[in-house]
Amino acid sequence: MNSKLEVEELKKNFLFSYRKKFPRESSSAIAKSTVTLLRKILARESPKTLNDLQVSLNGHCRRLYGAQQSELIFINVGLMISKLARDELVQKNGAPDDKDMYVLWREEDAANENQKKMELADVKRELQVSIKELASEIDAVREGVAAQSMELLFNNDVVMVYSLGSSKTLQAFFQHSLDAGRRHKVIEIADDDEELEKGPKFGRQIQLYEAASEMEKASKLVLVAAIYFPDGTCIVPAGGEQLALLAKRRQIPVYVLAPFYKLCPINMANPAMLHTCRGVPLPFNLSTSTGLVDCSEPAFDRLASDLVTYYVNSSSYLIPSHINTYKSDYYNCHDIAEYPQ
């Protein structure tokens, strides 16, 4: 089969597998499967230069995101792999010599153009190994985030948590604290009865509308990010903004669990660019009478940076203003600037 047809078939099967799974897979599983998909695509396309690899990754990730606009993880993984390729080229060819700062900023663009022309043949095997290591790092993230509970949760805390049933990372976070012998009260918040029935029960369960009256008893609020951005803002399950505002009013710290693969390096200046609504399950017999009615059911809220105390990742916890610096661990500034908006 032609390599182009193979690549299209791989993407088609990937999207079909994604859409047929209900409920949605965990974000770590989606990130890992995206890494595997892009590794297979690059093995079939064999890009000659870094520029060819960039064009290929950007094109495929844009198409995947266009087909499923609620998954910015597709874009994130593509940009991570592009940085891995740059790192392998630097390791192979050596970093540029130290120069005066006033010379470096003028030569940066020229150095980037030269790097994009470098051949990938010498680092092809190393790049494949690095991509596999990225998949392994994604596997280990949940345990790392869970371990941070020892630094953030203490005995006698009263912790409110939202969307516990739908987040395996949140469940691991509280399970690790429980296994370590921490004795704290947990108040689980859900927006419907089905959510309350999912997952393990770590404490008392309440509905979202009861949170305002219960917030005065809490000492901490824990949320999970669907995606977060360099400016310190994040997307959380719908209802999270209401809880964060209640916590801010009572000066309660808000911790947002944020694995590295959920960090989108591209700031979304316009929130309307994000697909934040889900379909409303209306009965079929009402389809004719409600055909002209637009029923919005938000799936996510956008959380401002001043509502977040710490972002918790697998190795540490960061204040929102440090996220912009943290992104350089996984993304290259040139890849971000050249990504087609």
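Every number here is computed from the coordinates shown, using simple stated rules; none is lab data. Everything numeric here is computed off the predicted structure, so don't read it as measured data. Please note: Cβ atoms are built from the backbone with ideal geometry, for glycine as well, and neighbour counts cover all protein chains shown.
Taken along the Cα-to-beta-carbon direction at a fixed 7 Å, the label points for ASN267 and MET150 span 3.7 nm. Counted by neighbouring Cβ atoms within 10 Å, the residues LEU50, LEU243 run from fewest to most as LEU50, LEU243.
Restriction of the trypsin sites (Lys or Arg not before Pro) in the stretch 22-85 to DSSP coil positions whose beta-carbon has at most 13 other beta-carbons within 10 angstrom yields ARG24, LYS48. Please find the FRET efficiency linking ASP52 to VAL129, where r is the Cβ-Cβ separation and R0 is fixed at 22 Å, and quote it to the nearest 0.05. FRET efficiency, ASP52 to VAL129: 0.65.
Can you sort THR309, THR34 from fewest to most other Cβ atoms within 10 Å of each residue's own Cβ? Display every interim value, and only then the final one.
On the way: THR309 20, THR34 27.
Neighbour counts put them in this order, fewest first: THR309, THR34.
So if each residue of separation counts as 0.36 nm, and I subtract the Cα-Cα distance between ALA337 and SER213, what length gain in nm does that give?
Values: separation 124, 0.36 × 124 = 44.64 nm, distance 4.59 nm.
Once the chain is fully extended between ALA337 and SER213, it gains 40.1 nm.
Taking each residue as 0.36 nm, the span from LEU245 to HIS322 lengthens on full extension beyond its C-alpha to C-alpha distance by 25.6 nm. With a simple spin-label model that places each label point 7 Å from the Cα along the Cα-to-Cβ direction, the separation between ALA180 and GLN91 comes to 3.1 nm.
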